């Protein structure tokens, strides 16, 4: 379950409670609008936090990529190529030993984190920009 769906799930019971309250339609709409404002503000804060986190990760990767040492600039690609080689060799049974389940889990986390991290670095800033534009206008 993602953080955004968790936040929405927290606010759904409150919205249902507002629907069940015996007040006028106008009062219910005002309460629901306020609740929606709070939910939107919370989601915006989460996105801002995630954006700052991604920017910090981007800065680390950029510092590594522009570092003085050859190893500092290339350890991530070397790691990913090593993971790829292990997967291919294990898949064709060319390793002296089979990779353990824990190794496969580690490979999945590493590859997934690398791919998701790189994608999120590009997508999150655009999403936040659109969210800010929607909030202003």
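Assorted remarks:
- When we screen 18, 78 for residues that are closer than 30 Å to residue 131 by Cβ and outside any loop (DSSP other than H, G, I, E, B), the only hit is 18.
- Taking the numbered list (1) assigned to a helix (DSSP H, G or I); (2) at pLDDT below 85; (3) surrounded by 12 or more Cβ atoms within 10 Å (Cβ to Cβ) in turn, residue 6 passes all entries but (3).
- Exclusive hit being outside any helix (DSSP H, G or I) and either more than 25 Å from residue 44 (Cβ to Cβ) or modelled with pLDDT under 80 (or both), set 106, 99: 99
- Among the conditions (1) at pLDDT 85 or above; (2) over 17 Å from the mean Cα position of the chain (by Cα), the only one that residue 27 does not satisfy is (1).
- Pair list, Cβ under 9 Å, 6 or more apart: the stretch 114-137 residue on the phi < 0 side of the Ramachandran plot, other residue modelled with pLDDT under 65 and surrounded by 10 or more Cβ atoms within 10 Å (Cβ to Cβ): none
- Just one residue in the set 89, 42, 47, 84 is over 30 Å from residue 134 (Cβ atoms) and at pLDDT 85 or above; that residue is 89.
The values are calculated or read from the model by the stated rules, or taken from the named source; none is laboratory data. On a predicted model such as this, the values are computed, not experimentally measured, just so you know. Positions of Cβ are backbone-derived with ideal geometry, glycine not excepted, and every protein chain shown enters the neighbour counts.
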